[in-house]
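Okay, so here's the structure we're looking at.
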Amino acid sequence: GSSGGSGGDTDADGVDQVKVGVIPIVDVAPIYLGQQKGFFKNRNIELTMESGQGGAAIVPGVVSGQFQFGFSNFTSLLLAQTKNVPIKTVANGVASTGEQGKDFGAVMVKKDSPIKTAADLAGKKVSVNTLKNIGDTTVRESVRKAGGDPKNINFVEVPFANAPAALEEGQVDAVWVVEPSLTQVKAAGGRMVASNYVDAAPNLSVAAYFTSAKLAGEDADLVNRFTEAINESLTYADGHPDEVRAVLGSYTKIDEKTRADLTLPKWPVEINKESVDTLAKLGAQDGIFDGATPDVAKLLP
Amino acid sequence: MKRVAYVLGLPVVLFAAWYLLSAGSESFYAPPLSTILESFGKTWTLDRLGTDVVPSLLRLVAGYALAAVIGVAVGVTIGLNRRVRATVEPVLEFFRAIPPPVLVPVIMLFAGIGNGMKIIVIVFGCVWPVLLNTVEGVRAVDSVQIDTAKAYGISGPARLGRVILPAASPQIAAGLRQALSIAIILMVISEMFAASNGLGFTIVQFQRSFAIPEMWSGIILLGLLGFGLSLLFRLAEGRALRWYHGLRDAQRRS
Amino acid sequence: MRGLTGLAGLLVLVELLPRLGLVNDAYLPPTSRIAAALGDELVTAEFWQAVGDTLMGWAIGLVIAVAAGVVVGIAVGAVPVLRAATASTIEFLRPIPSVALIPLAVLLYGTDLGSTLLLVVYAAFWQVLVQVLYGVADVDPIADETARSFRFGTWARVRHVLWPTALPYVFTGVRLAASVALVLAVTAELVIGAPGLGKSIAVAQTSGAVPLMYALIAVTGLLGVAINLAARAFERRTLAWHQSVRGEVPA
Amino acid sequence: MLEVSSLKKVYRSGAREVEALRDLTFTVDSGELVCLVGPSGCGKTTLLRCIAGLLEPTGGQVRLDGREVSGPPPGLAMVFQEYGRSLFPWMSVRDNVELPLKQKKITRDRRKTLVEQALDAVGLAGTESAYPWQLSGGMQQRVAIARAVAYEPSTLLMDEPFAAVDAQTRADLEDLVRALWQRLEVTVLFITHDIDEAVYLGQRVVMLSSSPTVVQDEITVDLPSTRDQLHTRADPRFTELRTHVYEQIQAAKRGLQLGGAGASS
Amino acid sequence: MLEVSSLKKVYRSGAREVEALRDLTFTVDSGELVCLVGPSGCGKTTLLRCIAGLLEPTGGQVRLDGREVSGPPPGLAMVFQEYGRSLFPWMSVRDNVELPLKQKKITRDRRKTLVEQALDAVGLAGTESAYPWQLSGGMQQRVAIARAVAYEPSTLLMDEPFAAVDAQTRADLEDLVRALWQRLEVTVLFITHDIDEAVYLGQRVVMLSSSPTVVQDEITVDLPSTRDQLHTRADPRFTELRTHVYEQIQAAKRGLQLGGAGASS
Ligand SMILES: Nc1ncnc2c1ncn2[C@@H]1O[C@H](COP(=O)(O)OP(=O)(O)OP(=O)(O)O)[C@@H](O)[C@H]1O
Ligand SMILES: Nc1ncnc2c1ncn2[C@@H]1O[C@H](COP(=O)(O)OP(=O)(O)OP(=O)(O)O)[C@@H](O)[C@H]1O
Ligand SMILES: [Mg+2]
Ligand SMILES: [Mg+2]
């Protein structure tokens, strides 16, 4: 059982009520799948998913104990670490497929765009969902790897959902999108110029589940059970792509055709520590951490 | 002297209370005021004011001015004509109820992602108080005043400019006052989308990058900005509505 | 009746814009497709649950905001000292966007109703307050003197003189606050993920379900229209004496 | 010429229905000065509003120079009973008087003269820059009169225009109206409660009955056309006429129709 | 007893400065009925506002029953010159009259009687449920009078209360005020522009000079205390008194101080 207010409510049967702050996108399919499969219930965890629009809503929720766990990308987590936000990762969240041209996120341009390779992005207007985050650092790395100069790329913020329209209307020269927007851009005839996650690091760990330092310290048992359940879910999801595509229909409104077409990410159990180091290095290089250096060891379990 | 005391009194008390209550706060999201104030000085340097606050202010002024003009113009049209009001009001109410954040994508479709879009978002949000108050103000113009204008053949632009607008001006002022702070709010919201500079963008950026004291300092700056603008507004209103305040105060005070 | 013409015009416009190729129908689908998506949605319990959640947050928030706005507004407006002392604070707090308070809201209430309420009340309160302040200032000095000469107590003056004078302003304030509350309820759901229409919109948006997204937005708008209709009907009854309504009772 | 024929006005609002005018017929020749008296609430203001084209009659019609009145006719000036509310509080006294002149496209210099003369005539020289609400009730009423006078109308409608001024000022204003009327040959319709005033001012006095309102009686005032406060009022014929009007009004209040007195037209 | 001593009132607003009252001193005994006349704009309304405690004097003071007036004293009723604006447009006629009675904590039954009697006395029976703005000017003014009458005040201040009603109604209302005064022994201060009315009504008439305002003259009206419209007005003494007042007012307008006439107190 858990103790204290941060540990969620424990009812008479010793079942923990656990709230997880997630973003309702493809990345978190395993936790929904795991919930369906009873991986959490087996471990006396009653899950409730709380969906937020991003770190701004989820991290405060976890820190304050409103949620017991949360989901966030690593750059955000590293950023939080540099500011000493009291959080700790508990399990891997999602990872890049590691295959050029076949990842769940990519930089796209219009079919007839003069941009041919990532190097051509230099000096262009590129949309990312959030500035100073995992999108722009990894895209910069793609440009660097392709031999271009990432310094004067003009990044603008456009939510993934609006990126296809922005590209179509010529408001930006290129967009960085993830699934399902990626499939949408492809369907509209978009051309891929970079698989930025793949360029950044081999088998990049993109996001993770985390909890507050307080809960990690006070209720190691609950955290353990949650981690085990998540890991089981991740493994299961990785092995059953069809079930993943099916479960997407339950918490998103992605239409069936897109669900069938979209590229699924990888869900390994292990966090690829080297790739996180790389992200930390890239972020520091791009000035995302305001001059600070994140302590990766402190963040990872 | 007394006026200064009135202006500063309550804020000083509240800030002092905040200072004392938050001192030694452990909460990550509610840091001590001392920390916030410290970061205020560090964050809002002249340089930053130039690159972030000035562009925001320009968009704010443009959006506010546009909203004021549109609000009054449309408001007068609707207020004076019952048929137009009956036809147009539901459509306006429809748009009024749609949150700007979900409307932004649609606006982006038509206006791109530049300053134009942000100004439209500001206009879209803060035109409503002006519009509604103008409509109500125009509807409530004293019938004897209208009759006087009619009887003396005061028609067209003169009736509008010399009779109807002045008569409705106290309520229009209420709308403009409301719109001012909403404009600031929408300035922030508009900069949450497709922005790369601006006060709102910076605050949101601080929030996302867990620079919490800096974020609070930004909120304080927003408050100061609102206070400053409202002072300007009060001055302008005081001049434009001198007759009205005189009329209301004359018997009350003297 | 006439209002329906206006709305119909809007529907036709949205049908035509994509059909004529003026906008890409992938991003702004024609009315018919939006309507179809809405039709599918109307039969699900989830949808009605979301509408109910949103309306719940909206209604409770609005009631609190209006009550607080009116009480504070009249107190501050009627007592000059209070007004002078609070003016600067009010002006300072008013422009702080509710969205900037999201972390605070989540910190305090998570994704509960409380979060939505905090944001809704904070935003809607100022709308009512400012209107009430202007309304109270609009009292006819002769009417006020009449009340004073008959030695009306404070309460009687508020009840019988200040309140009726401020009422038209309050109505405008409530109408403004009603939609701001709706906007904030939806925005809060959108960003924080509290259950409701806003969350549904967010899910539709991130899933690229464009017609559905517009359908849900339209539902929000229609809620606004309905709320305004109710407000107008109420106003016609309570303000029958007022200059603005007098002329509309057919002579 | 102003013709009022079978004029009827019913106010309807919700359940309440008030028949303000039942059936009014009378004419005022061009350049004539007619006074209108009648019990309070009998519909005088309503009548004046209908004549000015500000109110649509329920039945019958008003014709001015042969044309049916549907909106305020040009060259019309009106002094409202609610003088306070008919002044624009956001304008100085001068602007209030000047605004209609601007609409009439009168040159700036001429406007200045007219405004000054009019304000002077009503005894308000020196208050030009004050706002109306800084003035006493009687002064406000005089601003409204000055506005009408400065306008140099061809038709002048006045609704109890001297109700709020003292006896002496009233006498002066009466003479002002007569002088204006004689100088410009204005058609004047003048509502008053002061019977002496009605007889002193008018060429004719039209008496209205109490509600339901019809024309109770009409007399021609056969006093010499040059009148002055001292002598005219001392004239025995004056006393005769005023007594007749007084009796008619009392009768009207009692709802009777008195037999035609000698002065009846 | 009402004492006004060295009362001075200067209106200041921006650059404009108006000395409405320069130095006023007079007293009104308890239960006395005093009429106040003076040229338009001389400060009568200002004086009444100061007495009611609605306006703070610039100098001097007002005492009622020995206590200095700083706010509206209890048992005071006032009929405002701007009768239209002093009625609450959001209430029916009945509610307008009844509201002050509620404030006085009078029982419901008694209120009902008082309201009905008062409206009946001013000739407005049958309009109880109308809104004030549905009434004619004179009717509105009578509602304001009814409100004061129903209140059964101990001090009654009336500012040109009969300006908008016809001659017959005016006579009736004059008698109503005298009856009320005699029945309740109210202290009445009555402003009017009608000199006959002042003499007919008052026990005393106080005449104000034109601005800068002082008390120009004061007469005691030595007519029998039971008065009626026919006989009192025919009394030669009445004519004598009214002529005296008229002369004083003319003198006031000219800014002169006439020598005391025989009637001077
Ligand atoms: N807006 C209105 N709605 C309903 N009834 C009205 C309205 N205006 C006037 N009346 C009614 O019409 C009748 C005539 O009113 P009107 O103002 O014309 O009288 P009047 O002769 O001018 O009286 P007074 O001498 O008192 O000014 C009154 O009974 C009044 O109640
Ligand atoms: N609010 C004000 N601001 C400035 N001056 C004022 C104000 N109210 C009144 N006055 C001035 O004070 C003087 C006296 O006004 P007051 O209303 O007392 O006169 P009054 O004797 O009642 O006149 P009337 O018989 O015309 O009603 C006038 O010259 C007027 O212009
Ligand atoms: Mg009238
Ligand atoms: Mg006065």
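The values are calculated or read from the model by the stated rules, or taken from the named source; none is laboratory data. Being a predicted model, the structure only gives us computed values, none of them experimental. Heads up, the Cβs are rebuilt from the backbone with ideal geometry, glycines too, and the neighbour counts pull from every protein chain shown. Surface areas here come from the heavy atoms of the whole protein model, side chains and all, with no ligands, DNA or RNA. Shrake-Rupley method; radii C 1.70, N 1.55, O 1.52, S 1.80 Å.
For the reader, a short list of remarks on this structure follows.
- Exceeding the 22 Å Cα-Cα cut-off - candidates A:Lys37/A:Lys273; A:Lys19/A:Lys257; A:Lys41/C:Lys199; D:Lys9/D:Lys44; A:Lys151/A:Lys266: A:Lys37/A:Lys273; A:Lys19/A:Lys257; A:Lys41/C:Lys199; A:Lys151/A:Lys266
- Chain-alone versus full-assembly comparison, segment A:174-223, residues with accessible loss of at least 40 Å² (1.4 Å probe): A:Gln184
- Over chain D, dividing the summed -39,500 (n - 2.57) contributions of all DSSP H runs of at least 4 residues by the number of residues returns a 222 nm mean residue ellipticity of -11500 deg cm²/dmol.
- Area buried, chain C against chain B - accessible surface, total, 1.4 angstrom probe, square angstrom: 6200
- DSSP beta bridges fully contained in segment E:129-265 are about 55 percent antiparallel.
- Anisotropy class of segment A:193-300 from Cα gyration tensor, a/c 1.5 cut: oblate
- Taking the 1.4 Å solvent-accessible surface of chain C as the whole, the part contributed by carbon and sulfur is 72%.
- Bridge type composition, the protein assembly as shown - antiparallel percent by DSSP, nearest 5: 55
- Length gained on full extension, D:Arg233 to D:Arg16: 73.8 nm, using 0.36 nm per residue less the C-alpha separation.
- q = 0.05, 0.07 Å⁻¹: log10 I(q)/I(0) that the Debye formula gives for the protein assembly as shown, counting C-alpha atoms only: -0.49, -0.80
- Computed from Cα positions, the angle between helix E:167-184 and the longest principal axis of chain E comes to roughly 90 degrees.
- Space enclosed by the convex hull of the alpha-carbon atoms of chain C, per residue, Å³: 163
- For chain A: Kirkwood Rh in Å [reciprocal of mean 1/r, alpha carbons]: 19.5
- Protein heavy-atom accessible area occluded, B/A pair - total, 1.4 Å probe, Å²: 1800
- At 7 Å out from Cα toward Cβ: E:Ser30 inter-copy label distances (nm, ascending): 6.8
- One compactness figure for segment D:135-229 is 1.10, namely its Cα radius of gyration divided by 2.2 N^0.38 Å.
- Closest approach to the axis - chain D beta-carbon, rotation onto E, Å: D:Ala163, 2
- Antiparallel bridge percentage (DSSP; both residues within chain D; nearest 5): 55
- Segment E:1-118: C-alpha gyration tensor shape, a/c 1.5 cut-off, then a/b vs b/c: prolate
- Shielding value for B:124-131 is 2, the average number of Cβ atoms from other chains within 10 Å of each residue's Cβ.
- Estimated translational D of segment C:50-117 in µm²/s (Stokes, Kirkwood radius over Cα pairs; 20 °C; 1.002 mPa s): 154
- Alpha carbon centroid spacing (whole Å) that separates segment D:112-149 from segment C:28-58: 64
- Apportionment of accessible area to carbon and sulfur, chain D, percent (1.4 Å): 48
- Given +1 at the Cβ of Lys and Arg, -1 at the Cβ of Asp and Glu and no other charges, the dipole of chain B around its Cα centre is 980 debye to the nearest 20.
- Rounded to 10°, Cα long-axis angle of helix E:108-121 versus longest principal axis of chain E: 60
- For the pair B:Leu160 and B:Leu66 in one chain, pulling the backbone fully straight at 0.36 nm per residue adds 31.9 nm over the alpha carbon distance.
- By the Stokes-Einstein formula, at 1.567 mPa s and 4 °C, segment B:96-156 with its Kirkwood radius over alpha-carbon pairs has D equal to 90 µm²/s.
- Contact with the other protein chains removes 50 Å² or more of accessible area, compared with the isolated chain and a 1.4 Å probe, from these residues of segment B:135-166: B:Glu136, B:Arg139, B:Val144, B:Gln145, B:Asp147, B:Thr148, B:Ala151, B:Tyr152, B:Ile154, B:Arg162.
- 26 Å tail of the calculated P(r), segment B:33-253, as % of Cα pairs: 46
- Computed over segment D:169-215, the range of Cα coordinates on each principal axis works out to 37, 23, 12 Å, biggest value leading.
- Mean-position separation - Cα centroids, segment C:189-236 and segment C:72-110, in angstrom: 27
- Shown for chain B: the carbon plus sulfur share of the solvent-accessible area, taken with all protein chains present and a 1.4 angstrom probe, equals 69%.
- Burial annotation for segment C:161-198: residues with an accessible-area loss of at least 40 Å² between the isolated chain and the complete set of protein chains, computed on heavy atoms with a 1.4 Å probe, are C:Tyr169, C:Thr172, C:Arg175, C:Leu176, C:Ser179, C:Val183, C:Leu190, C:Val191.
- Accessible area buried between chains C and A, both sides summed, probe 1.4 Å, in Å² to nearest 100: 2000
- Counting only lysines at least 8 places from D:Lys104 when in the same chain, those with an alpha carbon closer than 22 Å to its own are B:Lys150, D:Lys112.
- Inter-copy label distances at E:Gln229 (7 Å, Cα→Cβ; nm, one decimal): 2.6
- Helix C:80-93 axis, angle to chain C major axis (alpha carbon atoms, nearest 10°): 20
- Rounded D (µm²/s) - chain E, Kirkwood Rh over Cα pairs, Stokes-Einstein at 25 °C, 0.890 mPa s: 129
- Between this copy and the others, label points of D:Glu68 are 6.8 nm apart in ascending order, each placed 7 angstrom from Cα in the Cβ direction.
- Å² per residue, accessible surface of the protein assembly as shown at 1.4 Å: 37
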